[in-house]
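What follows draws every value from the coordinates through simple rules; no lab data is involved. Only a predicted model underlies this, so the values are computations on that prediction, with no experimental measurement involved. Every residue, glycine as well, gets a Cβ built from its backbone with ideal geometry; the counts of neighbours run over all protein chains shown.
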Amino acid sequence: MKKFIAAGFILIALIAAAVYIGGSLNVPVRAEADYLRIHVRANSNEQVDQSVKYIVKDEVVKFITPYAAQCVDKNTAIELIESILPEIEEVCDRTLKDNGFDYTSRAQVRAEQFPTRVYGDLTLEAGLYDALIIELGTGTGDNWWCVIYPPLCFTSGTQNVEYRSAIYEIIKKWFG
């Protein structure tokens, strides 16, 4: 009986340790807590929905850039973005309507699990990230992503937007 109790105690201790370190129980681990990402998810993977996703993305980035430039930390960025969610949806909905689409958008800030992504010289490890999620229509299509804070796709203090492609950087590095 004592062996059974001791084995049970050891098992509980191992499970607690695994949960604590976020290990083998598939417990989401908060990765890179200082990042606020942005994802614009298309209605579908149809070419027309993918095309309008980029048009909407351009308009949203133009709208958000002056706000992102004001942010001094991630918490400020989240508070600011949450305070303008209705305006972000208005920008998206107007752009969709102007381009002949009858579906609308939904925008919210929430934590989601993301795979590892390479962004220039920076690698964002897989993990749970806070993100502005913009879903166009059903939101079941492929997405465009970037980072609002720190502003990796929004250059601070200007209306310019910098887009970087890891694939392009690798090709440029190898082939000049």
Cβ-derived FRET efficiency at R0 30 Å, residue 94 paired with residue 142, nearest 0.05: 0.85
Length-normalised contact order for the stretch 66-155 - Cα pairs under 8 Å, 6+ apart - percent: 30
Mean-position separation - Cα centroids, the stretch 30-87 and the stretch 88-107, in angstrom: 14
Nitroxide proxy distance, nm - points 7 Å out along Cα→Cβ at residue 102 and residue 75: 4.6
In nm, spacing of pseudo-spin labels at residue 58 and residue 84 (7 Å Cα→C-beta vector): 1.9
